[in-house]
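Report on the following structure.
The values are calculated or read from the model by the stated rules, or taken from the named source; none is laboratory data. All figures in this text were calculated on a predicted structure; none of them were measured in a lab. Backbone-built Cβ (ideal geometry, glycine too); neighbour counts: all protein chains shown.
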Amino acid sequence: MTRLPFKNTILSSILKKRINQIKLVNKTPLETQQRNFEYLLNKGKNTKFGSEHFFKTINGYTDFVDKIPVRNYEELFPYIEEMRSGGKNILWPGETKLFAKSSGTTNAKSKFIPLSKDALHNCHYKGGKDMLALYLNNNNNSKFFNGKGVIIGGSQNIGAKFIDGDLSAILLSNFPFWVNMHRVPDLRTAIMKDWSKKLAKITHQSIKQNITNLSGVPSWILIFLNTVISTTGANNISEVWPNLELYMHGGINFSPYKNQFDKLIPSDKMNYLETYTASEGFFAIQDQADKKDMLLMLDYGIFYEFIKKEDFNKNSYKTITIENTKIGIDYAIVITTNSGLWRYLLGDIVEFTTLGPYRIKIKGRTKSCINTFGEEIMVSNTDYAIKIACQETNCELVDYTVAPIYINKKAGAHEWLIEFNNQPTSIEKFKNILDLKLKEVNSDYEAKRFNNLIIKEPKITIIKKGVFLKWLERKKKLGGQNKISRLSEDRKLLEELKQLNNTSFQQ
């Protein structure tokens, strides 16, 4: 075995030592969360928000709930706007100059999430280090540090009073030196706005390197890998980078893309590691190589609360702390963070798979769902159904989005707008499998589909290759963490995509 350079041996050793700390946190989860709770209140007591909500009089969780209502982004925006104008001690002590531009939605209006130095180092970077620590713990023979990693990120804007941009770009710009030693491309390329030029430069800089790992959103990584293959003339990525061993991903369900990765990287030493990270924080990491659920990281300066999805759907924001959660129940997450997001409704739905330690899986978004006919379809449902449909009809997916066809005298339906790499030979078979699998995983959908009384069979609309990419380009959302919304309660996005599909454009 090739011996690691001395500096990498030390780094690997430091990361592995973190495993003992993670184990200790898992043994004392409630005490860890209580420490976070007290730390956050103490940090926030002298801020504008803390003064307005009487932090100094809060004595325990009940007071916390009574004095601070659960808020969404729009309700916190006046404070964030004041911070972006240069205001100090607003939501968090001091002046916040970094703002992560949230791209968890395809709406034209962007969210700007404050990113404090505390969160940068004690949440996001800590999560990144723990991700590697857990991976190394599960892969003792890893040669991760013998080569470099390709990180596909977004771009950022530098203003007079603040910097905003994709979280990935802000993290790249502030990485510690040891991370920059092990990655490509160079920083200027990594945060470029022009996706086409960035893609060409990343490809050029990486093909001659010993690449051992990749990270980024699956759809953008696939575009990059296919560009590498076309540029080099290789049959697959393993011919270009024989030592590639890890792809770190998050932000979107990976299962519909897994077959394409397997074809592009036909290597038995290839590993896939999922994380749960967002502009608002780093939350969970896949800690078991043979399991897909993720370990909730409880010592990153975040205090967690949860709302039962059934209560949330009734507009009830009754919260519970982690000690009262149960396995198999869908929860909306509420977070209080070390960037000053106080009782912030994150917008994600999760389910606990274990409680000792606390592991979760992501079920979908509170708003990214279709409940037009009482069917309560979630992203986890549609991702599963389309994965099986693709497997059983031997086709490859690029992306998809679903919207309702409203009831007009007769039953309504769901229209699936799908872009394929290669299409199924029988669309009818694909549609039937999709429909069947949705019935299997969602009893509400199954009931509404009975005898076509409320919901008819799905309508499949196939669009030309490159339509989703062109739509993102026109919205100036190429690269980074940007993605197409999978589910919509209205037809606006779907109709925009169909109109684009019907016009001529350069693929």
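Looking only at residues that are in a loop (DSSP other than H, G, I, E, B) and in contact (Cβ under 8 Å) with a residue 12 or more places away in the chain in the stretch 257-270, which one is surrounded by the fewest Cβ atoms within 10 Å (Cβ to Cβ)? So the residue we want is Pro266.
Which of the residues that make up the stretch 236-259 are within 19 Å of Ser206 (Cβ to Cβ) and either in contact with a Cys (Cβ under 6 Å, 6 or more places away or on another chain) or not aromatic (Phe, Trp, Tyr) (or both)? Result: Asn236, Ile237, Ser238, Glu239, Val240, Pro242, Asn243, Leu244, Glu245, Leu246, Met248, His249. Considering the stretch 253-264, the residues that are in contact with a Phe, Trp or Tyr (Cβ under 8 Å, 6 or more places away or on another chain) and hydrophobic (A, V, I, L, M, F, W, C) include one that is farthest from Gly149 (Cα to Cα), namely Phe254. Every condition in (1) in contact (Cβ under 8 Å) with a residue 12 or more places away in the chain; (2) closer than 19 Å to Pro357 by Cβ is met by His53 except one, and the failing one is (2). Across the stretch 190-217, the number of residues qualifying as part of a helix (DSSP H, G or I), out of contact with any Ser or Thr (no Cβ under 6 Å at 6 or more places or on another chain), among the polar types (S, T, N, Q) and over 21 Å from Lys483 (Cα atoms) comes to 2. Of all residues in the stretch 445-471, exactly one satisfies the criterion of being in a helix (DSSP H, G or I) and of a type in the set (Val, Ile, Thr), namely Val467.
The lone criterion from (1) free of Cβ contacts under 8 Å to residues at least 40 places away in the same chain; (2) over 20 Å from Asn482 (Cα atoms); (3) in contact with a Gly (Cβ under 7 Å, 6 or more places away or on another chain) left unmet by Lys161 is number (1). Entry remark, the stretch 79-107: residues being under 25 Å from the mean Cα position of the chain (by Cα), modelled with pLDDT of 95 or more and β-branched (Val, Ile, Thr) number 2 in total. If I filter the stretch 227-247 for residues that are modelled with pLDDT under 95 and aromatic (Phe, Trp, Tyr), do I get at least one hit? No, every residue in the stretch 227-247 fails to be modelled with pLDDT under 95 and aromatic (Phe, Trp, Tyr).
Since Asn235 meets every condition but one in (1) within 14 Å of Met131 (Cα to Cα); (2) free of Cβ contacts under 8 Å to residues at least 24 places away in the same chain, which condition does it not meet? Unmet for Asn235, out of (1) within 14 Å of Met131 (Cα to Cα); (2) free of Cβ contacts under 8 Å to residues at least 24 places away in the same chain: (1).
Here Trp195 fulfils each of the conditions (1) without any contact (Cβ under 8 Å) to a residue 40 or more places away in the chain; (2) buried (at least 18 other Cβ atoms within 10 Å of the Cβ) apart from (1). Of the numbered criteria (1) touching a residue at least 60 places away in the same chain (Cβ under 8 Å); (2) in contact with a Lys or Arg (Cβ under 6 Å, 6 or more places away or on another chain), the one Cys123 fails is (2).
Each row is one residue, and each column tells you yes or no for (1) crowded, with 23+ Cβ neighbours inside 10 Å; (2) hydrophobic (A, V, I, L, M, F, W, C); (3) not in a loop (DSSP other than H, G, I, E, B).
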position: Ile223; (1), (2), (3): no, yes, yes
position: Ile229; (1), (2), (3): no, yes, yes
position: Ala234; (1), (2), (3): no, yes, no
position: His249; (1), (2), (3): no, no, yes
position: Tyr272; (1), (2), (3): no, no, yes
position: Thr275; (1), (2), (3): no, no, yes
position: Ala289; (1), (2), (3): no, yes, no
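Evaluation of Lys476 against the conditions (1) touching a residue at least 40 places away in the same chain (Cβ under 8 Å); (2) assigned to a loop (DSSP other than H, G, I, E, B); (3) among the basic types (Lys, Arg) shows that the sole unmet condition is (1). Would the stretch 46-57 turn up any residue that is under 22 Å from Leu345 (Cα atoms), among the β-branched types (Val, Ile, Thr) and assigned to a helix (DSSP H, G or I)? Checking the stretch 46-57: not a single residue is under 22 Å from Leu345 (Cα atoms), among the β-branched types (Val, Ile, Thr) and assigned to a helix (DSSP H, G or I). Scanning the stretch 262-293 for residues that are modelled with pLDDT under 95, among the hydrophobic types (A, V, I, L, M, F, W, C) and closer than 17 Å to Tyr135 by Cβ gives a single hit, Ala289. From the list Tyr304, Tyr384, Tyr358, the one residue that fits, being under 25 Å from Phe49 (Cβ atoms) and in contact (Cβ under 8 Å) with a residue 12 or more places away in the chain, is Tyr304. Annotation: of all residues in the stretch 308-329 being surrounded by fewer than 15 Cβ atoms within 10 Å (Cβ to Cβ) and of a type outside the set (Lys, Arg), the one that is farthest from Leu298 (Cα to Cα) is Asn315. Filtered by the rule that a residue be surrounded by fewer than 16 Cβ atoms within 10 Å (Cβ to Cβ) and of a type in the set (D, E, K, R), the stretch 393-427 gives Lys409, Lys410.
For the stretch 35-62, a residue qualifies if it is over 25 Å from Val25 (Cβ atoms) and of a type in the set (Gly, Ala, Ser), and the qualifying residues are Gly50, Ser51. Scanning the stretch 178-188 for residues that are assigned to a helix (DSSP H, G or I) and surrounded by fewer than 17 Cβ atoms within 10 Å (Cβ to Cβ) yields Trp178, Asn180, Leu187, Arg188.
When the stretch 363-389 is filtered for residues that are of a type in the set (S, T, N, Q), in a helix (DSSP H, G or I) and within 19 Å of Ala413 (Cβ to Cβ), the ones remaining, listed by number, are Asn381, Thr382. Of all residues in the stretch 138-177, those being surrounded by fewer than 17 Cβ atoms within 10 Å (Cβ to Cβ) and either in a helix (DSSP H, G or I) or acidic (Asp, Glu) (or both) number 3.
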